[in-house]
Amino acid sequence: MRLESYVLAARLEQVAAAATRRLLKMSGGRYTLVHSDGLVSGTKRSGLSLHVVDAWTGRERDTATLSGGESFFASLALALGLADVVTDEAGGMPLDTLFIDEGFGTLDENALEEVMDVLDSLRERDRAVGIVSHVPDLRTRIPAQLLVRKHRTGSTVHHTARADG
């Protein structure tokens, strides 16, 4: 393994550990992420991949085998895990804003509820969470919104906010 890959692998291992703490909550204890030192398919590089361990089957498998909703959870957990690692290295200086673009359309009603609970918990800890989505059900859950509307002459932005937000 080249030195560059070794350093990146060490960082990926940290991010995977932080992401696993988040993913365990999101998946009801079912999934954990583990760093893999194996060769990445299609390349000669090793040490830069992740697998998921499924507690229901007790097996480790490629993250590509996750369903759309499960992949969304894993991606969100990785983003939050990366933010946790960066925050720890910055001496506790938090990353106060997180934007999430798409993926909500792959979630069923229960999974959407679980994701929104995670995002609400981040908001309760004074983090701003921006969501970019076309899913209508999210409009009822998010009190403050910027709605972008396309027109022939350009786009307009409208701000809406409910009293409870």
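A few notes on this one:
- Residue 139 being in contact with a Leu (Cβ under 8 Å, 6 or more places away or on another chain) and modelled with pLDDT under 80: no
- Only listed residue being part of a helix (DSSP H, G or I), closer than 28 Å to residue 12 by Cα and in contact (Cβ under 8 Å) with a residue 12 or more places away in the chain, chosen from 70, 60: 70
- Selection status of residue 87, surrounded by fewer than 16 Cβ atoms within 10 Å (Cβ to Cβ), hydroxyl-bearing (Ser, Thr, Tyr) and assigned to a strand (DSSP E or B): no
- Tabulated pairs, the stretch 1-16, first under 14 Å from residue 84 (Cβ atoms), second of a type in the set (Gly, Ala, Ser) and surrounded by 12 or more Cβ atoms within 10 Å (Cβ to Cβ), C-beta under 6 angstrom, 6+ apart or interchain: 15/81
- Looking only at residues of the stretch 94-120 that are under 14 Å from the mean Cα position of the chain (by Cα) and among the polar types (S, T, N, Q), we find that the one that is surrounded by the most Cβ atoms within 10 Å (Cβ to Cβ) is 106.
The values are calculated or read from the model by the stated rules, or taken from the named source; none is laboratory data. From a predicted model like this one, the values you see are computed outputs, not experimental measurements. We place every Cβ from the backbone using ideal geometry, glycine too, and count neighbours over all the protein chains shown.
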